[in-house]
1. When you check residue 114 against the structure, is it over 19 Å from the mean Cα position of the chain (by Cα), surrounded by 18 or more Cβ atoms within 10 Å (Cβ to Cβ), modelled with pLDDT of 95 or more and not in a helix (DSSP H, G or I), yes or no?
2. Within segment 2-55, track down each residue that is open to solvent by 40 Å² or more (accessible area, probe 1.4 Å) and in a loop (DSSP other than H, G, I, E, B).
3. Please determine whether any residue of segment 209-220 is touching a Pro at 6+ places or on another chain (Cβ under 7 Å) and open to solvent by less than 70 Å² (accessible area, probe 1.4 Å).
4. Being hydrophobic (A, V, I, L, M, F, W, C), part of a loop (DSSP other than H, G, I, E, B) and within 16 Å of the ligand (Cβ to nearest atom) is the filter here; which residues of segment 56-97 pass it?
5. Looking at this structure, is residue 122 over 30 Å from residue 254 (Cβ atoms), more than 15 Å from the ligand (Cβ to nearest atom) and of a type in the set (Gly, Ala, Ser)?
6. If I filter segment 143-161 down to residues being touching a helix residue (DSSP H, G or I) at 6+ places or on another chain (Cβ under 8 Å) and charged (D, E, K, R), which single residue comes out as farthest from the ligand (Cβ to nearest atom)?
7. Can you tell me which residue within segment 129-142, out of those that are in a loop (DSSP other than H, G, I, E, B) and within 12 Å of the ligand (Cβ to nearest atom), is surrounded by the fewest Cβ atoms within 10 Å (Cβ to Cβ)?
8. Is there a residue being of a type in the set (S, T, N, Q), free of Cβ contacts under 8 Å to residues at least 24 places away in the same chain and away from the ligand (no atom under 16 Å from the Cβ) anywhere in segment 47-54?
Amino acid sequence: MAAYDIVALSAFSDNYIWTLRDATHAVVVDPGEAQPVLDFLAREGLQLAAILNTHHHADHVGGNAALLARFPVPVFGPRDERIPETTHPLAGGQRFRLPHFGIEFEVLDIPAHTRSHIAFHGDGLLFCGDTLFAAGCGRLFEGTPRQMHEALVKLAALPDATRVYCGHEYTLSNLKFARAAEPDNALLPELAARMERLRAAGGPTLPSTIAQEKASNPFIRVHAPGVIASASGRAGRPLTDPVSVLAEIREWKNNF
Ligand SMILES: [Zn+2]
């Protein structure tokens, strides 16, 4: 298999279109806009080999049609009529090989942000769209706190070194909330300082890793005493189960 790099193409105000590229080809994940991809392909002299979509939101699939007009490539995504361009509808447990690159991805069902949200995991990489963010998680538009908890448990069970490519640059604001949700987590100020330096240098704070998320993300750390205490304080009653803790801090974050 050819070596490849992963490039962050920026779209809208804070979306990333993660792009695998080698000397001749590229694959894009969640192209909400076509133009940044078309510009990149032209500049680098690359052909598009495939499109991957994690969920149907316009800021993740809005560029599909214009890219397909130029490059009629396979589109791998969830089985959901709201993404009409999909050529390879997928469900959890399925595996497929990425055209040209040959990487084998397994598909993970992670409904919660949307009901058909999936993630792609393979070759030490995780593309998780708007479900898991660095130090945060997606909003519950079409799912429940229990589904989000189950999704995050599934992702947290991946190998520690897995590189986590999220759909948005939300890390600094997420870390601000994480520090409120788990004030006794000594890693958080240090991590925030490191991430601020990355942003100041003009780069992304991503990828994260599963190890970093297990150590810092309050939505994964729903068993940590500090997270339970602040969630219970906010609820005004002791919260004992992880789903209630997640529900409380998700609600808190919505108004943070
Ligand atoms: Zn979304």
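1. Taking the combined requirement at face value, the residue does not satisfy it.
2. 2, 3, 4, 12, 13, 14, 23, 24, 33, 45
3. Yes, there is a match, as at least one residue in segment 209-220 is touching a Pro at 6+ places or on another chain (Cβ under 7 Å) and open to solvent by less than 70 Å² (accessible area, probe 1.4 Å).
4. Scanning segment 56-97 gives a single hit, 83.
5. Yes.
6. 160
7. The residue in question is 141.
8. No.
The values are calculated or read from the model by the stated rules, or taken from the named source; none is laboratory data. Quantities reported herein were computed from a predicted structural model and do not represent experimental measurements. When we count neighbours, we look across all protein chains shown, and the Cβ atoms used for this are built from the backbone with ideal geometry, even at glycine. The area values use the complete protein model at the heavy-atom level, side chains included, leaving out ligands, DNA and RNA. Shrake-Rupley method; radii C 1.70, N 1.55, O 1.52, S 1.80 Å.
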